[in-house]
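The values are calculated or read from the model by the stated rules, or taken from the named source; none is laboratory data. Remember, it's a predicted structure, so these values are computed and weren't measured experimentally. Cβ: placed from backbone, ideal geometry, glycine included. Neighbour counts: every protein chain shown. All accessible areas refer to the heavy atoms of the entire protein, side chains included, with ligands and DNA or RNA removed. Shrake-Rupley method; radii C 1.70, N 1.55, O 1.52, S 1.80 Å.
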Amino acid sequence: QVQLVESGGGLVQAGGSLRLSCAASGRTFSSIAMGWFRQAPGKEREFVAAINWSGGSTYYSDSVKGRFTISRDNAKNTVYLQMNSLKPEDTAVYYCAAGTTAQATRNVALVNYWGQGTQVTVSS
């Protein structure tokens, strides 16, 4: 079992930055892939970013590539999502996810564990 707790969401103006954190407990953190998804009102949950167990491989959706950066600190059992140049269309609930591989963790159907979500609101 893996428990995931997100933090760092909030309200920010367009063009601003936020850093989300996800603290993991339970199963050995350094052996699992991690990712971030988001869900806006009335829309399906969508992939944002994923990172493999070592941090050596990362994946991003086209909509955030170049603006968001996923990273992890295995010593702290924490994964981060640095979000820069935020846009109103980035407004959503952001969910931390854990899976077997980074590639699998890009697919909402293959995620093994979910956090409770944290709200990010970007005002225009």
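Once the Cβ-Cβ distance between residue 114 and residue 63 is put in as r, and R0 is 35 Å, what FRET efficiency do you end up with, to the nearest 0.05? Efficiency, from the Cβ-Cβ distance: 0.95.
Taking all protein chains into account, the per residue accessible area for the range 1-120 stands at 49 Å² (1.4 Å probe). Across the range 86-94, coupling constants 3J(HN,Hα) worked out from phi with the 6.51/-1.76/1.60 Karplus curve, θ = phi - 60°, read 5, 10, x, 6, 7, 4, 4, 8, 9 Hz, and Gly and Pro carry x. At an R0 of 35 angstrom, the distance between the Cβ atoms of residue 17 and residue 107 translates into a FRET efficiency of 0.80. Close amide H partners of residue 72, meaning residues 5 or more places away or on another chain with modelled amide H under 5 Å apart, are 80.
When a 1.4 Å probe is rolled over the protein heavy atoms, the share of accessible surface on the chain that falls to carbon and sulfur comes to 47 percent.
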